[in-house]
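Engineer: Sharing a structure below in structure tokens format, with a few things to ask.
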Amino acid sequence: MTCEKCRDLCVRVSIKRPHELRNAIRIAWQNILDNTLSEIINPNPISSVTFAELAKGDPWDDLLSYSFQCTTCGERFHLNAETYHGSGGSWEPENKQSIQESLQACESQCASTPKSCAD
């Protein structure tokens, strides 16, 4: 179950363009920095770039898969993308029942959820 701290992040965002992926990375990083989220480190990552390196501007791999957890309620989130062929990816909570809404791009929700889309 989501909490007030991570509720704005409980959306499914379809990522189709590089700027949408950069925005999702930025939002996840901001939420790590403000202690809303913590990264769940995968012992067998598919990407050679750590999320911290990615967030600081390192080039992304062909496949990205990162997981996060709310530091208050434990809700889990996933950021996945296939960048080589450009088939896209998504940001979404692991628990599908937590999804508040589905969006095509994060920019479409900026007015209604400033915490997750603030520049």
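Laboratory data are not the source of any read-out in this text; all were calculated from the coordinates shown. No experiment lies behind these values; they were computed from the predicted model shown. When we count neighbours, we look across all protein chains shown, and the Cβ atoms used for this are built from the backbone with ideal geometry, even at glycine.
Engineer: Amide H neighbours of Gly88 under 5 Å, at least 5 residues apart or on other chains, H built in the peptide plane: list them.
Structural biologist: For Gly88, the qualifying residues are Glu82.
Engineer: Determine ³J(HN,Hα), in whole Hz, for all residues of segment 34-41 in sequence, where each value follows from phi through the Karplus function 6.51 cos²θ - 1.76 cosθ + 1.60 and θ = phi - 60°; x replaces Gly and Pro.
Structural biologist: 8, 6, 6, 10, 10, 7, 9, 7
Engineer: On to the next question. Kindly work out what percent of the DSSP beta bridges joining two residues of segment 7-106 are antiparallel, to the nearest 5. Please report the intermediate quantities before stating the final value.
Structural biologist: Numbers: 20 of 22 bridges.
Around 90 percent antiparallel, to the nearest 5.
Engineer: Each residue of segment 51-61 in order: what ³J(HN,Hα) in whole Hz does its phi give by Karplus 6.51 cos²θ - 1.76 cosθ + 1.60, θ = phi - 60°, with x for Gly and Pro?
Structural biologist: 5, 4, 5, 4, 5, 8, x, 5, x, 8, 7
Engineer: Tell me which GluC sites (Glu not before Pro) from segment 1-73 have a DSSP coil assignment and no more than 14 other beta carbons within 10 Å of their own.
Structural biologist: Listed in order of number, the matching sites are Glu4.
Engineer: Under the Kirkwood approximation for Rh and a Cα-based Rg, what ratio Rg/Rh is obtained for segment 7-106? Intermediate results must be reported in sequence, preceding the final value.
Structural biologist: Values: Rg = 12.5 Å, Rh = 13.5 Å.
A ratio of 0.93.
Engineer: Which trypsin sites (Lys or Arg not before Pro) does segment 47-103 hold that lie in a coil by DSSP with at most 12 other beta carbons within 10 Å?
Structural biologist: Values: sites: Lys56, Arg76, Lys96; in loops: Lys56.
The qualifying sites are Lys56.
Engineer: Could you size up the charge dipole of segment 7-106 around its Cα centre, putting +1 on the beta carbon of Lys and Arg and -1 on that of Asp and Glu, and report it in debye to the nearest 20? Before the final figure, lay out each step's value.
Structural biologist: Numbers: 9 positive and 13 negative charges, 43 e Å.
With only Lys, Arg, Asp and Glu charged at Cβ, the dipole is about 200 debye.
Engineer: According to the Kirkwood expression over distinct Cα-Cα pairs, how big is the hydrodynamic radius of segment 46-89, in Å? Numbers along the way, then the final one.
Structural biologist: Numbers: mean 1/r = 0.0880 Å⁻¹.
The Cα-based Kirkwood calculation yields 11.4 Å.
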